[in-house]
Ligand SMILES: NC(=O)c1ccc[n+]([C@@H]2O[C@H](COP(=O)([O-])OP(=O)(O)OC[C@H]3O[C@@H](n4cnc5c(N)ncnc54)[C@H](O)[C@@H]3O)[C@@H](O)[C@H]2O)c1
């Protein structure tokens, strides 16, 4: 049987914009799903366009139409082609424009993060959805569905089953040593690095929006954001290329950004972002009224403490027996299928005419954190009101559980 054992096998026609590392990854995943047709490809780089077309035709499929006539040729593709959705994997500056072009031409859009870099674009994506019913979403984000061996999905089930009680606080974020990559990027660029803020909210938000019921019974009310000085990146640049290279970083964003987000229901989120220091990756910690869960990729495994149930008072224990008992049913259904779960769910949503589980409201909320944290940092960390992108629907939107897809 096909994707997620669904009886709906309607063909799904896709166009791809951006065919670099991520675009080709998604293209290969899509080609492997039965009933998916790759009808059009778009990239400003002719060699990448040809390579991608070869990948499609090499699997026995028809050669897709190619669009490579400059930075805005995706607009022509969105206007001319009959597609269910556009898959956007261009650099982040163009995600909103590509998605809006798709929606305004009657196509859904699934994008790499972030969906929008400004609040104007964030609202444009919401307004366009409400007018056209064509959505843009971070439907390709893997944190909840695929990372940490499915543990995040099982954590969601465990929370839904009440083991941690009501959620109170979570700490999550992106802490990765990307100094070498950042140095290369800034060396190549003529512009200085931008303002301080949280530049990668989408991966952590993909698990914490469902786990904290953000936009689904609760919503972000305001945030405050603060950044450290830019020291580690400058030190690294200086050691590699001398004082001149370091100067660009000394006037750039701080190394570590921490943001506090408060919800109308009184929950707290601590969101970290640091890609400038030597560190072995992030951790996450979800605290409820009855217990707490913690995981850190690279350490021996997730830990849990449940009041009155854990073997020893106030001592972490391994999560394994709890996870065995609360394994998310979707993991069983998807077992043996080599298509990534993100792609399986995206195709089901397109076939059934539904929004993805992490829909336009969740996706825009997630990406808006970039501009909101920049605003707070540049204003001495003053609280910034979080827009209600759902316009009040958060009160009645059902919690995400992914039990029925
Ligand atoms: N989810 C993840 O784990 C993850 C990981 C890495 C990157 N990303 C994000 O995915 C996106 C793509 O990253 P990548 O590593 O594949 O980058 P990449 O540079 O390898 O690929 C980007 C492609 O987009 C093309 N492009 C640029 N402007 C275009 C335009 N106007 N029209 C058509 N094509 C255009 C480029 O020619 C290139 O082929 C970025 O936004 C990045 O932040 C996500």
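The values are calculated or read from the model by the stated rules, or taken from the named source; none is laboratory data. The shown structure was predicted, so the numbers you read here are calculated from the model rather than taken from an experiment. Every residue, glycine as well, gets a Cβ built from its backbone with ideal geometry; the counts of neighbours run over all protein chains shown.
For the stretch 195-270, give me every one of the helices (runs of 4 or more DSSP H) that falls completely inside it and has 2 or more residues that are out of contact with any helix residue (DSSP H, G or I) (no Cβ under 8 Å at 6 or more places or on another chain). So that I can check it myself, show each step before the final result.
Working: elements: 202-211, 232-241, 243-250.
Here the list reads 202-211, 243-250.
In this structure, does residue 343 turn out to be in contact (Cβ under 8 Å) with a residue 12 or more places away in the chain, in contact with a strand residue (DSSP E or B) (Cβ under 7 Å, 6 or more places away or on another chain) and surrounded by 14 or more Cβ atoms within 10 Å (Cβ to Cβ)? Step through it out loud before you land on a result.
On the way: in contact (Cβ under 8 Å) with a residue 12 or more places away in the chain: yes; in contact with a strand residue (DSSP E or B) (Cβ under 7 Å, 6 or more places away or on another chain): no; surrounded by 14 or more Cβ atoms within 10 Å (Cβ to Cβ): yes.
So residue 343 fails the test.
In this structure, is residue 46 near the ligand (Cβ under 10 Å from one of its atoms), more than 27 Å from residue 367 (Cα to Cα) and free of Cβ contacts under 8 Å to residues at least 60 places away in the same chain? I'd like the intermediate steps shown before the answer.
Numbers: near the ligand (Cβ under 10 Å from one of its atoms): yes; more than 27 Å from residue 367 (Cα to Cα): yes; free of Cβ contacts under 8 Å to residues at least 60 places away in the same chain: yes.
In short, yes.
At pLDDT below 95 and either touching a strand residue (DSSP E or B) at 6+ places or on another chain (Cβ under 6 Å) or outside the structural domain of residue 113 (by TED's automatic domain parsing) (or both), is that true of residue 165?
Details: at pLDDT below 95: no; either touching a strand residue (DSSP E or B) at 6+ places or on another chain (Cβ under 6 Å) or outside the structural domain of residue 113 (by TED's automatic domain parsing) (or both): yes.
Considered against the rule, which asks whether it is at pLDDT below 95 and either touching a strand residue (DSSP E or B) at 6+ places or on another chain (Cβ under 6 Å) or outside the structural domain of residue 113 (by TED's automatic domain parsing) (or both), residue 165 comes out as no.
Does the stretch 118-126 include one or more residues that are part of a helix (DSSP H, G or I), within 12 Å of the ligand (Cβ to nearest atom), modelled with pLDDT of 95 or more and at negative phi?
At the first step, the residues of the stretch 118-126 found to be part of a helix (DSSP H, G or I) are 119-126.
Among the residues that remain, those that are also within 12 Å of the ligand (Cβ to nearest atom) are: none.
No, because not a single residue in the stretch 118-126 is part of a helix (DSSP H, G or I), within 12 Å of the ligand (Cβ to nearest atom), modelled with pLDDT of 95 or more and at negative phi.
Which numbered condition in (1) out of contact with any strand residue (DSSP E or B) (no Cβ under 9 Å at 6 or more places or on another chain); (2) away from the ligand (no atom under 12 Å from the Cβ) is the only one that residue 39 fails?
Residue 39 satisfies every listed condition except (1).
Report yes if some residue within the stretch 308-322 is touching a strand residue (DSSP E or B) at 6+ places or on another chain (Cβ under 8 Å), over 19 Å from residue 403 (Cβ atoms) and buried (at least 20 other Cβ atoms within 10 Å of the Cβ); otherwise report no.
The initial filter retains those residues of the stretch 308-322 that are touching a strand residue (DSSP E or B) at 6+ places or on another chain (Cβ under 8 Å), namely 309-311, 314-319, 322.
Next, from what is left, pick out any that are over 19 Å from residue 403 (Cβ atoms): 309-311, 314-319.
Of the ones still in play, those that are also buried (at least 20 other Cβ atoms within 10 Å of the Cβ) are 319.
Yes.
Would you check if residue 12 is farther than 27 Å from residue 368 by Cβ, surrounded by 18 or more Cβ atoms within 10 Å (Cβ to Cβ), away from the ligand (no atom under 12 Å from the Cβ) and modelled with pLDDT of 95 or more?
Values: farther than 27 Å from residue 368 by Cβ: yes; surrounded by 18 or more Cβ atoms within 10 Å (Cβ to Cβ): yes; away from the ligand (no atom under 12 Å from the Cβ): yes; modelled with pLDDT of 95 or more: yes.
Taking the combined requirement at face value, the residue satisfies it.
Among residues belonging to the stretch 71-91 that are free of Cβ contacts under 8 Å to residues at least 40 places away in the same chain and within 8 Å of the ligand (Cβ to nearest atom), point out the one that is surrounded by the fewest Cβ atoms within 10 Å (Cβ to Cβ).
Here the residue is 71.
I'd like to verify a number: residues in the stretch 92-104 that are buried (at least 19 other Cβ atoms within 10 Å of the Cβ) and away from the ligand (no atom under 11 Å from the Cβ), how many?
Residues that pass the stated criteria total 5.
What are the residues in the stretch 165-186 that are in contact with a helix residue (DSSP H, G or I) (Cβ under 7 Å, 6 or more places away or on another chain) and more than 14 Å from the ligand (Cβ to nearest atom), if any? Give the derivation first.
In the first step, residues of the stretch 165-186 are kept if they are in contact with a helix residue (DSSP H, G or I) (Cβ under 7 Å, 6 or more places away or on another chain); the result is 167, 170, 172-174, 179, 182-183, 186.
Selection gives 167, 170, 172, 173, 179, 183, 186.
Restricting to the stretch 372-405, what's the tally of residues that are more than 22 Å from the chain's Cα centre (by Cα), assigned to a loop (DSSP other than H, G, I, E, B) and farther than 16 Å from residue 216 by Cβ?
Qualifying residue count, the stretch 372-405: 6.
Within the stretch 127-153, can you find the residues that are farther than 23 Å from residue 295 by Cα and away from the ligand (no atom under 16 Å from the Cβ)?
We begin by selecting, within the stretch 127-153, every residue farther than 23 Å from residue 295 by Cα; these are 127-139.
Matches in the stretch 127-153: 127, 128, 129, 130, 131, 132, 133, 134, 135.
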